[in-house]
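The values are calculated or read from the model by the stated rules, or taken from the named source; none is laboratory data. Just so you know, these numbers come straight off a predicted model, no measurement behind them. Neighbour counts are summed over all protein chains in view; Cβ atoms, including those assigned to glycine, are modelled from backbone coordinates with ideal geometry.
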Amino acid sequence: MINRILCIGAGYVGGPTMAVIAKHCPDVHVVVADINPERVAAWQSGNPPIYEPGLREAVGVSLGRNLQFTSDVERAIRDAEMIFVSVNTPTKTFGQGAGRAADLQYWEKTARNILRNARGPTIVVEKSTLPVRTAEAMDRIFKNGRSDLHFEVLSNPEFLAEGTAIADLESPDRVLIGGAETPSGQAATQELVDIYARWVPRERILTTGIWSAELSKLAANAFLAQRVSSINAVSAICEQTGADVLDVARVIGADQRIGDQFLRAGVGFGGSCFQKDILNLVYLCEQAGLHDVARYWETVVTMNQYQKERFVRRMIRVMFNTLAGKRIAVLGFAFKANTGDTRESPAIEICRELAAEQAHVCITDPQALDGARRALADVEHGVTFEPDPYKAAEGAHAVAVLTEWPEYRTLDYQRVYSRMERPAFFFDGRNLLDPEELHRIGFNVYPIGRPDRTDL
Ligand code: UDX
Ligand code: UDX
């Protein structure tokens, strides 16, 4: 039985995952190590560096009991029997495969660090999303590096979504563990199954070969992103034909074979995973000579790009073909509600485009204003940041909702309207509000994939 677990990488994935493991396995000592000392200090103080509903409470249960955060990665490796690797694997920005392939330098550095410092047989669990067959490469590094110790590599992709991470970890649809077919691979798989089985029903713990596990993660995210791009493609047709994408989604989703989740049209998907994982998949296909398959998946990203551009084009068109000098209040910058994360948020490109049109973009968000400042640090003119949504809208020509924060549902829009320029435009990029109600107040309303309500 495993008694000492380490996770390298205290980010959105590593932190919450280990908090939940520690909570359910009080007899297992769980250490989370990260090279960033400020992040570590924040976690260790019980005040996590990321915003996630229920996270602080989940950490509080075990912190100081069997959960600990440290920046001494080497020492933590020496003490561990099972090591999860959850360091970031962004898309490469340089060299071969730039813009598509995963940048594996942190993963490999971490693997070599494990190799140098491990003292006993170690199970290495890949948690970071990686291109298929990375585990094999890591296995080679371990096998060639030391003959005195046995390393077993497992793939245990994470399916949690931000904003619901703790709920997803507490009761996951499935836990996926990929291991080698060898006796030692199967034994290691069983060790990890035993950990999850403390709180996850056994039938939800799926075991496969390593490559199937790696590919399943990429394919699952590609399928989810594809649904978003599909409904967004439908939303463009709706706007041209007068159909309502909410009705269409309701009808499509009533078919049990399709299901009603993930059919919300909007300004496009964001987040650290979807685009990166599809691009990984595309790169993998190209490497394998499967060019038609690569093109197929690539269109999911192309459609997402189109949706963001389309949103801005429409704003320009209806606002009399010029945004220059006009104030636009952007409600929400996070890539989705209930997170402060702005990675790949559609708001980034939309705000950049608006600023390029010489609009004055005033951004508000309950959790992501720091992220917004960082994401737009190089935009010299035309963006400001304002925690109060009412102030953001003061003197504005238009309001654009880019994140579906629940608090934006209950703002006093009469008050918002009363302080705006006329005509007042409302672009609901997430179909968060009732367009009829906004129209009654006086706004000219442009939802996504639904008929406009306008007096112009
Ligand atoms: C990351 C990856 O982005 C994702 O592909 C994967 O599925 C899981 O891990 P996330 O947890 O959201 O997701 O990343 P991030 O919040 O950036 O956390 C990574 C952490 O690893 C950071 O805190 C970073 O300081 C740390 N890190 C990075 C190390 O400790 N060592 C390194 O060498 C590199
Ligand atoms: C996703 C996967 O859901 C998760 O299983 C995986 O582990 C990591 O990637 P996450 O990126 O946190 O999780 O959020 P998710 O809820 O999947 O949303 C991704 C993006 O799609 C967001 O920008 C969201 O606004 C958008 N989206 C989602 C839509 O536009 N419409 C929808 O119907 C659903």
Query raised in the report: Residues VAL293, VAL318, VAL312: which one is crowded, with 21+ Cβ neighbours inside 10 Å, on the phi < 0 side of the Ramachandran plot and either out of contact with any helix residue (DSSP H, G or I) (no Cβ under 9 Å at 6 or more places or on another chain) or of a type in the set (Val, Ile, Thr) (or both)?
Result: VAL312
Query raised in the report: Quick check: anything in the range 89-100 under 25 Å from HIS29 (Cα atoms) and part of a loop (DSSP other than H, G, I, E, B)?
Result: no
**Report entry** helices (runs of 4 or more DSSP H) (entirely within the range 244-338) containing at least 3 residues that are within 16 Å of ligand 1 (Cβ to nearest atom) and more than 28 Å from GLU421 (Cα to Cα)
**Finding:** 274-287
Report summary line: Exactly one of LEU149, LEU115, LEU104 is crowded, with 18+ Cβ neighbours inside 10 Å, away from ligand 2 (no atom under 16 Å from the Cβ), aliphatic (A, V, I, L, M) and farther than 20 Å from GLU214 by Cα, and that residue is LEU115
Query - Hits in the range 162-190 (condition: in contact with a helix residue (DSSP H, G or I) (Cβ under 8 Å, 6 or more places away or on another chain), more than 24 Å from GLU81 (Cα to Cα) and without any contact (Cβ under 8 Å) to a residue 40 or more places away in the chain) - result: PRO172, ASP173, ARG174
Requested in this report: Return the residue satisfying two criteria in turn: it lies in the range 77-96 and is of a type outside the set (S, T, N, Q) and under 22 Å from the mean Cα position of the chain (by Cα), and of such residues it is farthest from ligand 2 (Cβ to nearest atom).
Outcome: LYS92
Query raised in the report: Which one is farthest from PRO157 (Cα to Cα), of the residues in the range 129-146 that are in a loop (DSSP other than H, G, I, E, B) and of a type in the set (A, V, I, L, M)?
Result: VAL132
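Residue-wise test of (1) within 16 Å of ligand 2 (Cβ to nearest atom); (2) within 19 Å of ASP452 (Cβ to Cβ); (3) not basic (Lys, Arg).
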residue	(1), (2), (3)
GLY242	no, yes, yes
GLN256	no, no, yes
GLN261	yes, no, yes
ALA265	yes, yes, yes
LEU279	yes, no, yes
HIS291	no, no, yes
ARG295	no, no, no
ASN321	no, yes, yes
ALA324	no, no, yes
Requested in this report: Name the single residue, out of those in the range 386-434 being polar (S, T, N, Q) and touching a strand residue (DSSP E or B) at 6+ places or on another chain (Cβ under 8 Å), that is surrounded by the most Cβ atoms within 10 Å (Cβ to Cβ).
Outcome: THR403
Report task. Return a yes/no flag: does the range 153-176 have any residue that is more than 16 Å from ligand 2 (Cβ to nearest atom), closer than 25 Å to PRO90 by Cβ and not in a helix (DSSP H, G or I). Result -> yes
Query raised in the report: If you scan the range 344-371, which residues turn out to be buried (at least 22 other Cβ atoms within 10 Å of the Cβ), hydrophobic (A, V, I, L, M, F, W, C) and over 22 Å from ARG419 (Cβ atoms)?
Result: ALA347, ILE350, ALA368
Query raised in the report: Looking at (1) modelled with pLDDT of 95 or more; (2) within 16 Å of ligand 2 (Cβ to nearest atom); (3) of a type outside the set (D, E, K, R), which is the one condition that is false for SER272?
Result: (1)
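In this structure, does ASP277 turn out to be exposed (fewer than 15 other Cβ atoms within 10 Å of the Cβ) and not basic (Lys, Arg)?
Details: exposed (fewer than 15 other Cβ atoms within 10 Å of the Cβ): no; not basic (Lys, Arg): yes.
When the stated conditions are applied, ASP277 does not pass them.
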Report summary line: All-but-one check, ALA236 against (1) more than 16 Å from ligand 1 (Cβ to nearest atom); (2) hydrophobic (A, V, I, L, M, F, W, C); (3) assigned to a loop (DSSP other than H, G, I, E, B), failing number (3)
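So that you can scan it fast, the table gives a plain yes or no per residue for (1) farther than 17 Å from GLU239 by Cβ; (2) of a type in the set (Phe, Trp, Tyr); (3) without any contact (Cβ under 8 Å) to a residue 40 or more places away in the chain:
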| site | (1), (2), (3) |
| --- | --- |
| ASP378 | yes, no, yes |
| HIS397 | yes, no, no |
| GLU407 | yes, no, no |
| TYR417 | yes, yes, yes |
| ALA424 | yes, no, yes |
| GLY429 | no, no, no |
| PRO451 | no, no, no |
Query raised in the report: Between a first residue in the range 22-38 that is at negative phi and free of Cβ contacts under 8 Å to residues at least 60 places away in the same chain and a second residue that is of a type in the set (Lys, Arg) and surrounded by fewer than 19 Cβ atoms within 10 Å (Cβ to Cβ), which pairs have beta carbons less than 9 Å apart while being 6 or more apart in sequence or on different chains?
Result: ALA22/ARG65; PRO26/ARG65; HIS29/ARG4; VAL30/ARG4; VAL31/ARG4; ALA33/ARG75
